[in-house]
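Notes to accompany the following structure.
The values are calculated or read from the model by the stated rules, or taken from the named source; none is laboratory data. Keep in mind that what you see is a predicted model, and the values were worked out from it rather than measured. Using ideal geometry, Cβ is built from the backbone for each residue, glycine included, and neighbour counts are taken over all protein chains shown.
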Amino acid sequence: MKRSSSPHGYGSRPFIIPLLLLMLLLLFVWALTAGDYDLSPQQAWHTLWAKLRALDSDALREAGISRMDEIIVWNIRMPRLLLAVLAGMALSSSGAAYQGCFRNPLVEPYLLGVSSGAAWGASLSIVFPAIFPQGQLSAFAFALLAVLISCFMARQDGETPPVALILSGIIVGAVFSALVSIMKYLAADTELREITFWMMGGFYYATWEDVGINATAILPCVIAVSLMGWKLNLLSFGDEEARALGLHPDRTRMVFLTLATLAAAVCVSTVGIVAWVGLMMPHAARMMLGPDNRYVVPAAALLGAMYMLLCDTIARTLTGAEIPVAIITSILGAPYLLWLLRGKGRELYAG
């Protein structure tokens, strides 16, 4: 009898990543044309191609591209969809890195206080705009501050034990969440509403500048974590086994956490807190590709991009008023994860 090329039946791994890329492209085209403004794929492509050729307004009108098509496609939908793709990739790859580092399938990118720190930074800029005028920069700075405090608290005798780091992250997250509650108490009605909407996440005000900042920070982190997936595999064996195989577990873990935290912090500071994506997508990737992080990390990034595109498109087209995207990700994510853990939990880490 002919043996399978993979002991776990994952012989199609090399084909799944290109397939996910193709699916992402198709979903992107659909999302670009979905909305109240009727737009065909041909119109969208014609407009994009003309803008990429840097045609001026007169040339665009002569090419049959209306001013409304130009605004909808280039100024509104393209930066929004690209930002959704980057956010999905950042959260999903960060989640895969965190789960591999801590050997815990229920770990997610906000574990070390990224979300609560960013929320406090954003709330400070909303309540005290004269002192913290740059909301995105304030959210990013306090997200990194929360993680640095978590790492400092967990440091013991020159090393950072994973359990101590998790506990420190929980403590720091609780403290920053309390500080956010204080900001809500001090905020006026309009400021309280703005804080609440920021914390629910969304791509309402996406700009090309946001896309550039996020791409510059997120893509290198995602690529680096993907290329180092084999080190993540060694960490998943445990610290003693990793040392025996020539890897310094503490240093390697901090490299992964730095990359993952940077990607998540930039994402959260731009779009707010979007739940479940970083927790779910690594699990979905393992269902498709097995536990090998060389494949799980890039697959999780692509799945996260698709999931975020889908949720954002639903959020802006389901009703006349836009729904915060975090509501959609939570409604779709919680039942899926429950089914996944109850039905497939034993298979995900079977090796």
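Applying the selection to the stretch 90-129, what residues are over 28 Å from residue 233 (Cβ atoms) and either in contact with a Ser or Thr (Cβ under 7 Å, 6 or more places away or on another chain) or not in a helix (DSSP H, G or I) (or both)?
First, pick out the residues of the stretch 90-129 that are over 28 Å from residue 233 (Cβ atoms): 116-129.
Correct list: 116, 118, 121, 122, 124, 125, 128, 129.
Looking only at the stretch 19-64, count every residue that is surrounded by 13 or more Cβ atoms within 10 Å (Cβ to Cβ), free of Cβ contacts under 8 Å to residues at least 12 places away in the same chain and in a loop (DSSP other than H, G, I, E, B) and tell me the total.
1
If you check residue 65 against the conditions, is it aliphatic (A, V, I, L, M), at pLDDT 90 or above and more than 16 Å from the chain's Cα centre (by Cα)?
Numbers: aliphatic (A, V, I, L, M): yes; at pLDDT 90 or above: no; more than 16 Å from the chain's Cα centre (by Cα): yes.
No, not satisfied.
Only one of these is over 17 Å from residue 101 (Cα atoms), aliphatic (A, V, I, L, M) and buried (at least 23 other Cβ atoms within 10 Å of the Cβ): 211, 225, 277. Name it. Don't jump to the end; show me each part of the working.
Numbers: 211 fails: buried (at least 23 other Cβ atoms within 10 Å of the Cβ); 225 fails: over 17 Å from residue 101 (Cα atoms).
Selected residue: 277, the only one of 211, 225, 277 that is over 17 Å from residue 101 (Cα atoms), aliphatic (A, V, I, L, M) and buried (at least 23 other Cβ atoms within 10 Å of the Cβ).
Of all the residues that make up the stretch 240-268, how many are over 22 Å from residue 80 (Cα atoms), surrounded by 19 or more Cβ atoms within 10 Å (Cβ to Cβ) and either within 21 Å of the chain's Cα centre (by Cα) or touching a residue at least 40 places away in the same chain (Cβ under 8 Å) (or both)?
Total satisfying the criteria: 6.
Among the residues of the stretch 172-196, write down those that are surrounded by fewer than 17 Cβ atoms within 10 Å (Cβ to Cβ) and not in a helix (DSSP H, G or I).
188
What residue, among those in the stretch 113-166 that are of a type in the set (Ser, Thr, Tyr) and at pLDDT 90 or above, is surrounded by the most Cβ atoms within 10 Å (Cβ to Cβ)?
Step one: list which residues in the stretch 113-166 are of a type in the set (Ser, Thr, Tyr), which gives 115-116, 123, 125, 138, 150, 160.
Checking the rest, the ones that are also at pLDDT 90 or above come to 115-116, 123, 125, 138, 150.
Working: 115: 28, 116: 25, 123: 30, 125: 23, 138: 23, 150: 28.
Among those that are of a type in the set (Ser, Thr, Tyr) and at pLDDT 90 or above, it is 123.
Please work out if residue 201 is out of contact with any strand residue (DSSP E or B) (no Cβ under 6 Å at 6 or more places or on another chain), under 15 Å from residue 87 (Cα atoms) and exposed (fewer than 14 other Cβ atoms within 10 Å of the Cβ).
no
Return yes when residue 239 is of a type outside the set (Val, Ile, Thr), out of contact with any strand residue (DSSP E or B) (no Cβ under 6 Å at 6 or more places or on another chain) and over 24 Å from residue 88 (Cβ atoms) and no when it is not.
Against the criterion (of a type outside the set (Val, Ile, Thr), out of contact with any strand residue (DSSP E or B) (no Cβ under 6 Å at 6 or more places or on another chain) and over 24 Å from residue 88 (Cβ atoms)), residue 239 qualifies.
So for the stretch 294-301 (the condition being surrounded by 24 or more Cβ atoms within 10 Å (Cβ to Cβ) and in contact with a Lys or Arg (Cβ under 8 Å, 6 or more places away or on another chain)), does at least one residue qualify?
As a first pass, look at the stretch 294-301 and keep what is surrounded by 24 or more Cβ atoms within 10 Å (Cβ to Cβ): 296-301.
From what is left, the residues that are in contact with a Lys or Arg (Cβ under 8 Å, 6 or more places away or on another chain) are 296.
Yes: one or more hits.
Are there any pairs, at least 6 apart or on different chains, whose C-beta atoms fall under 7 Å, with the first in the stretch 141-153 and under 11 Å from residue 116 (Cβ atoms) and without any contact (Cβ under 8 Å) to a residue 60 or more places away in the chain and the second of a type in the set (Phe, Trp, Tyr) and in a helix (DSSP H, G or I), and if so, which?
Pairs found: 142/120; 146/176.
If residue 98 satisfies every condition in (1) over 30 Å from residue 240 (Cβ atoms); (2) surrounded by 23 or more Cβ atoms within 10 Å (Cβ to Cβ); (3) aromatic (Phe, Trp, Tyr) but one, which is the exception?
Every condition holds for residue 98 apart from (1).
Select from the stretch 228-245 the residues that are within 15 Å of residue 96 (Cα to Cα), in a helix (DSSP H, G or I) and of a type in the set (A, V, I, L, M) and list them in ascending order.
If the condition is that a residue be within 15 Å of residue 96 (Cα to Cα), in a helix (DSSP H, G or I) and of a type in the set (A, V, I, L, M), then 232, 234, 235 are the ones that fit.
So, in the stretch 308-322, of the ones that are among the polar types (S, T, N, Q) and assigned to a helix (DSSP H, G or I), which residue ends up surrounded by the most Cβ atoms within 10 Å (Cβ to Cβ)?
So the first thing to find is which residues in the stretch 308-322 are among the polar types (S, T, N, Q), and the list is 313, 317, 319.
Adding the requirement that they be assigned to a helix (DSSP H, G or I) leaves 313, 317.
Details: 313: 24, 317: 14.
Residue satisfying both the conditions and the ranking: 313.
Which residue is farthest from residue 271 (Cα to Cα), if the candidates are limited to the stretch 126-150 and must be in contact with a helix residue (DSSP H, G or I) (Cβ under 6 Å, 6 or more places away or on another chain) and polar (S, T, N, Q)?
The extreme case among them is 150.
Taking the condition touching a Phe, Trp or Tyr at 6+ places or on another chain (Cβ under 9 Å), part of a loop (DSSP other than H, G, I, E, B) and aliphatic (A, V, I, L, M), does residue 285 pass? Please lay out each step first, then the result.
Working: touching a Phe, Trp or Tyr at 6+ places or on another chain (Cβ under 9 Å): yes; part of a loop (DSSP other than H, G, I, E, B): no; aliphatic (A, V, I, L, M): yes.
Judged against the criteria, residue 285 is not a match.
Can you tell me which residue among 256, 237 is on the phi < 0 side of the Ramachandran plot and in contact with a Cys (Cβ under 8 Å, 6 or more places away or on another chain)?
Numbers: 237 fails: in contact with a Cys (Cβ under 8 Å, 6 or more places away or on another chain).
When all the criteria are applied, what remains is 256.
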